[in-house]
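A short write-up of the structure that comes next.
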Amino acid sequence: MYGSYSTTPALIATNEPRREGNSGVLGNAKESWGMYILTVPCKCITIKAIAYHVVNVVFSFLAFVLVCGGLLLGVALVPMCCFGMVLLRAMCYVVHFLATMDVYLHNWILPAEEHIHLSFNFSQRREHIEGHRISPTISQFSRQAMLAMFYFAILKLPLGIVASVSSLAIFIVSVVFLAAAFVPHGSCFVTINHKCVDQHLIGPLQYFGRNGPGQDDDKISILIAGVIMLYVASLLLHLTARLTTNATRYFCCEYFATYNNVNLSVHPTYRAL
């Protein structure tokens, strides 16, 4: 009996590469634009976007204070036995931590196919993974670290104020308009120091119109204005969330692709002569 080895390649077939989503704004990429715009105020992702923008503003401010304070202190301490250089080196780790937190926020608001990888778990038989990850050079003195410091120290806070705060402000105004259309004239629900707070916001809107306060025509006009503003605010919440997450991807991350093909041992086959 003679033994022979199979000439069949012993590479395990890999999974198809994971492609980045192209949803345009937020949500399901397969949804039509018409249905998306029509239902945008009713989507759960809109409520999620409100929470995202609130957290993003707070995080932007904290990151600005940490990075700017650390950089200024590090530069000031450079003449003192190079303590400043040690602090500047530590700032790279601080920026890497801030980038990780920003990526968690990014992944929380975006669908799974657009998540940034934080770790890799390969099985024994696979696989091909591609996408974005936090640049590993952020924790070192490198161009990417300088870019991330610039992002957190100079760009992120103004971007958060312009994008997040403006979107939230328009959303609050739309809620006030809608409340003014349904709240009876002269009613008071919130009082501080025996002063009616809600009437300072809703009261002036109830005088809007030609027929005086509390008339049906006025309420319809206010309701229409509130609905229009709600749609505009919801779209802005989505658009600005996409803008801020794209900034995170650009300044803190890099594209990567990994391949893990496993060679299998092939047993010899025998045939009788």
Exposure proxy ranking, count of Cβ atoms within 10 Å, fewest first, for C68, C81, C92: C81, C68, C92
Please state the Cα pair-distance histogram of region 25-94 with 10 angstrom bins from zero: what percent is in each bin? 17, 27, 17, 16, 14, 8, 1
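Could you please rank T39, T137, T248, placing first whichever residue has the fewest other Cβ atoms within 10 Å of its Cβ? Present the calculation step by step, with values, prior to reporting the outcome.
Numbers: T39 13, T137 16, T248 23.
So the ranking, lowest neighbour count to highest, is T39, T137, T248.
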Using the number of other C-beta atoms within 10 angstrom as an exposure proxy, rank Y52, Y255 with the fewest first. Y255, Y52
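Read the figures in this text as sums done on the coordinates, not as results from a lab. All figures in this text were calculated on a predicted structure; none of them were measured in a lab. Here the Cβ is made from the backbone with ideal geometry for all residues, glycine too, and neighbour counts use every protein chain on show.
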